[in-house]
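Student: Okay, handing you the structure first.
The values are calculated or read from the model by the stated rules, or taken from the named source; none is laboratory data. The structure displayed is predicted, hence computed values, not measured ones. When we count neighbours, we look across all protein chains shown, and the Cβ atoms used for this are built from the backbone with ideal geometry, even at glycine.
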Amino acid sequence: MKSETLRNTVAGVLGGAAALTLVVLLVPGWGDGDGGSPREAAGRALSAAAAGAPAAVDDLAALIADRERRVRESPGDDRAWAQLGAAYVERGVGSGETALFPKAERALRRSLALRAPDRGNTAALVGLGALANARNDFGAAREFGERARALRPGSWAVYPVLVDAYGGLGDPEAAGRAVDALRGLASGPQVEGRHAQAFRDRGLREDAAVVAHDAGVHATTRAERAAAHHRQGELAWERGEYAEAVAHYEAALEADPGAHRSLGGRARSLAALGRAEEARQDYARVLERRPLPGYALEWGELEESLGERARARSLFGRMRELVARGRRDGVDGDVVLARYEADHGAPEAAVHRLRDQWRRGHRSAEVADALGWALYRAGSPEEAVPFASRAVGQGAGSALFSYHRG
């Protein structure tokens, strides 16, 4: 659940539980009117963030417009710059608009230039950590998160960044400790979602499913319900229970039609069920609304499996274009490229890319699985076994990891 950036930054700016009651005071006029104005929408986005809930897409857009106006009028407002940067990251993660990431970095670094972290501006550090996670730069995310924790160890806002960073680095124990610290400081569906993630990363899938279900039970907004169902859909997908996954993704989309990642999850699950035409429709929609290279790769593999080689080649080309676009915006797409190369291109190139990821400390179960499979495809099965075994051990319950090891 990478897209909790805005929530974390609001908490860092305002401080703890006071954020929820003070958020409407941030901008003159918030809290007035009929609830339909752009400022009211921006206020709802900040209120949702402070409460630990996802922001609605339209409210987030209103917040971005409001904060852009604010920094034009008051360029010395470090809080507004931090909020703007966090909102850019949130929007970029949700929409796949990686061009927002350089804008986010500029805004967050401007905030730090106006007020240093040791003068209370840990919010910008949290935002930079979330941005690094969004770019798959987990080492940098850990650094930003640990700097923020050293300055404000009692702020719950720093811990989601650390959970994602340590998860990407393949250190589930450290991620679990960050979740435990978070649970000691905050509660609610989003915290339960993090707890479910920690269980999943430690291979405790049944526990993860129970906690993910609880997050759905405790959800109070449409966006929270969508997030909870999406998480349950992901767990079902990894277990190979595709019909159950489709049901959860559809529940997420019913709760929030803008939950595009659930559209992608449904496409993947429909393809696994052999419902190819429905999967094609979902892939077309999700690539239009959230153009990420992984979706193009999945759709291309579906077309290839159906004998549509020309269409598959076109989609693989689209995947490469999206990776290149993301790279220009600081996003590391090498794992996606390596998965493509292992099965459709040059397995030796895939091994090279993934070894580089491993050297950088990116040792999650996903990277271990990809490296093991690439080594096998490149003709080095004995060297592949330890990586495949690590992936299965750390990601127990994943049908894909078990298949690759087998």
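Student: Looking at LEU371, is it surrounded by 24 or more Cβ atoms within 10 Å (Cβ to Cβ), closer than 29 Å to ARG405 by Cβ and more than 21 Å from the chain's Cα centre (by Cα)?
Tutor: Numbers: surrounded by 24 or more Cβ atoms within 10 Å (Cβ to Cβ): yes; closer than 29 Å to ARG405 by Cβ: yes; more than 21 Å from the chain's Cα centre (by Cα): yes.
Spelling it out, LEU371 is indeed surrounded by 24 or more Cβ atoms within 10 Å (Cβ to Cβ), closer than 29 Å to ARG405 by Cβ and more than 21 Å from the chain's Cα centre (by Cα).
Student: Residues in segment 245-303 that are in contact (Cβ under 8 Å) with a residue 60 or more places away in the chain, in a helix (DSSP H, G or I) and more than 20 Å from ALA219 (Cα to Cα): how many?
Tutor: The total comes to 1.
Student: Another question about this same structure. Quick check, is LEU322 crowded, with 17+ Cβ neighbours inside 10 Å and over 20 Å from ALA374 (Cα atoms)?
Tutor: On the way: crowded, with 17+ Cβ neighbours inside 10 Å: yes; over 20 Å from ALA374 (Cα atoms): yes.
When the stated conditions are applied, LEU322 passes them.
Student: What single numbered condition from (1) polar (S, T, N, Q); (2) buried (at least 24 other Cβ atoms within 10 Å of the Cβ); (3) under 20 Å from HIS362 (Cβ atoms) fails to hold for ASN136?
Tutor: Just one mismatch for ASN136, condition (2).
Student: Ok, one more. So in segment 329-370, with the set limited to residues that are of a type in the set (Val, Ile, Thr) and assigned to a helix (DSSP H, G or I), which one is nearest to TYR166 (Cα to Cα)? Show your work before the answer.
Tutor: If we filter segment 329-370 for residues that are of a type in the set (Val, Ile, Thr), which is where we start, we get 331, 335-336, 351, 367.
Restricting the remaining residues to those that are assigned to a helix (DSSP H, G or I) gives 335-336, 351, 367.
Values: VAL335: 17, VAL336: 20, VAL351: 23, VAL367: 13 Å.
Of everything passing the filter in segment 329-370, VAL367 is nearest to TYR166 (Cα to Cα).
Student: Among all residue pairs at least 6 apart or on different chains, which show Cβ distances below 6 Å where the first residue, located in segment 338-366, is over 25 Å from ALA132 (Cβ atoms) and the second is outside any helix (DSSP H, G or I)?
Tutor: PRO347/ALA378; GLU348/ALA378; VAL351/ALA378
Student: Considering only segment 191-205, how many residues are more than 27 Å from SER155 (Cβ to Cβ) and touching a Gly at 6+ places or on another chain (Cβ under 8 Å)? Even if it seems obvious, please write down each step before you answer.
Tutor: Let us first name the residues in segment 191-205 that are more than 27 Å from SER155 (Cβ to Cβ), namely 203-205.
Still in the list and also touching a Gly at 6+ places or on another chain (Cβ under 8 Å): 203, 205.
Counting residues in segment 191-205 that are more than 27 Å from SER155 (Cβ to Cβ) and touching a Gly at 6+ places or on another chain (Cβ under 8 Å) gives 2.
Student: Would you point out the residue of segment 68-85, among those that are within 13 Å of ARG106 (Cβ to Cβ) and touching a residue at least 12 places away in the same chain (Cβ under 8 Å), that is surrounded by the most Cβ atoms within 10 Å (Cβ to Cβ)? Break it down stepwise before answering.
Tutor: Residues of segment 68-85 within 13 Å of ARG106 (Cβ to Cβ): 68, 71, 75, 81-82, 84-85.
Okay, now just the ones that are also touching a residue at least 12 places away in the same chain (Cβ under 8 Å), so 68, 71, 81-82, 84-85.
Numbers: GLU68: 16, VAL71: 18, TRP81: 29, ALA82: 30, LEU84: 27, GLY85: 32.
Going through the qualifying residues, I end up with GLY85.
Student: Quick check on my filter: what residues within segment 195-222 are crowded, with 22+ Cβ neighbours inside 10 Å and touching a Pro at 6+ places or on another chain (Cβ under 6 Å)?
Tutor: Within segment 195-222, ASP201, ALA215, ALA219 qualify.
Student: Suppose we filter segment 235-273 for residues that are within 18 Å of GLY193 (Cβ to Cβ), charged (D, E, K, R) and modelled with pLDDT of 90 or more; how many remain?
Tutor: Adding up the residues that qualify gives 1.
Student: Take VAL286 and tell me if it is closer than 25 Å to ALA368 by Cβ and touching a helix residue (DSSP H, G or I) at 6+ places or on another chain (Cβ under 8 Å). I'd like the intermediate steps shown before the answer.
Tutor: Values: closer than 25 Å to ALA368 by Cβ: no; touching a helix residue (DSSP H, G or I) at 6+ places or on another chain (Cβ under 8 Å): yes.
Taking the combined requirement at face value, the residue does not satisfy it.
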